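The block underneath contains the structure these notes are about, expressed in structure tokens.
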Amino acid sequence: MRWRDQRESDNIEDRRSQSGSELGTRIPIKGKGKVILFLVVLIAGYYGVDLTSLLNSNLIDSSNTEQTITQYNDEDPDAAKFTSVILASTEDYWSQQFTALGKTYIPPKLVLYTGSTQTSCGTGQTFMGPFYCSIDKTVYLDTSFYQEMKQRLGGGGDFAQGYVIAHEIGHHVQNLLGTFNNIEQLKQTQPDINSNQLSVKLELQADCYAGLWGNAMQKQNILEVGDIEQALNTTQAIGDDRLQRQSNGYVMPDSFTHGTSKQRYTWFKRGFDSGSINQCNTFDQ
């Protein structure tokens, strides 16, 4: 992916020098516990529910004040610059799309951190992976996740990493378009509705939105040979069925929150191939 020398975003904050040990102790969770907590805490965060107190009530020092850092620190500045460029590309893409819809796109902020950090949705931690908080309209990312993709999840490459960021921006788009509110109304008016199925539909739509961004990158000749394959491999690597099988040795479909490997692959590719937001209505499927 030809990302160097591209515009960087002004909506990025680097907290890495003040997170981690300064904000608390990282919890060494592995195996099944890591996957389960990742799913539970992450999806709860999307709905503004703070479940981090279940992990460690003393994790965060409430007296700590956070300060915006305008320059990248010495912790992997290349990853920070890459993230900023990808964020800028999503800003450009979605600004154009919202204009076409007669709306104004308000970009989210993206916070880089190490170990743990405070958010309006609770405590963000490395094991949660990148996530979007709908309350403060911010994406949180520990850049060590890029290595996690390569080493544990079986994904990697610049475009694949960009897909992960674009997926979280997809949740911001859902927030702006009122999708989150619609889901909450459904849950209130239909108390028997399956919340996990709604979660899967949200995630698959975010995958499709990430595919739309990927389509724009292809049209701008930013993609290189092998980029698309890497991204598609990553969508399959982070399917609920594959993660559960790796962790437990078996699959529990009723507990899915993000979709199967096949579903994630299909919806990302649908967005990528079509380039049309009209093709991303997972709720009619």
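The values are calculated or read from the model by the stated rules, or taken from the named source; none is laboratory data. These figures come from a predicted structure and were not determined experimentally. Backbone-built Cβ (ideal geometry, glycine too); neighbour counts: all protein chains shown.
For the stretch 159-174, check the following and say yes or no: at least one residue is surrounded by fewer than 19 Cβ atoms within 10 Å (Cβ to Cβ) and in a helix (DSSP H, G or I). Steps first, please.
First, the residues of the stretch 159-174 that are surrounded by fewer than 19 Cβ atoms within 10 Å (Cβ to Cβ): none.
Taking every residue of the stretch 159-174 in turn, none turns out to be surrounded by fewer than 19 Cβ atoms within 10 Å (Cβ to Cβ) and in a helix (DSSP H, G or I).
Looking only at residues of the stretch 190-229 that are surrounded by fewer than 19 Cβ atoms within 10 Å (Cβ to Cβ), of a type in the set (S, T, N, Q) and not in a loop (DSSP other than H, G, I, E, B), we find that the one that is farthest from the chain's Cα centre (by Cα) is 218. Of all residues assigned to the stretch 85-107, none qualifies as being in a strand (DSSP E or B) and basic (Lys, Arg). The number of residues in the stretch 102-117 that are modelled with pLDDT of 95 or more and more than 16 Å from the chain's Cα centre (by Cα) comes to 5.
Whenever a residue of the stretch 259-285 is of a type outside the set (Phe, Trp, Tyr), its partners that are outside any helix (DSSP H, G or I) and modelled with pLDDT under 90, lying with C-beta atoms within less than 6 angstrom and at least six residues away or across chains, give the pairs 260/239; 261/239; 264/239. Contact map, the stretch 115-132: first residue on the phi > 0 side of the Ramachandran plot, second residue assigned to a loop (DSSP other than H, G, I, E, B) and of a type in the set (Asp, Glu), Cβ cut-off under 6 Å, separation 6 or more or different chains; pairs are 122/50.
For the condition surrounded by fewer than 20 Cβ atoms within 10 Å (Cβ to Cβ), under 30 Å from residue 4 (Cβ atoms) and either out of contact with any Cys (no Cβ under 9 Å at 6 or more places or on another chain) or modelled with pLDDT under 70 (or both), what is the one hit in 275, 249?
Values: 249 fails: under 30 Å from residue 4 (Cβ atoms).
After ruling out the rest, the residue left standing is 275.
If the condition is being at pLDDT 90 or above, of a type outside the set (Val, Ile, Thr) and surrounded by fewer than 18 Cβ atoms within 10 Å (Cβ to Cβ), then the stretch 129-158 contributes 136, 137.
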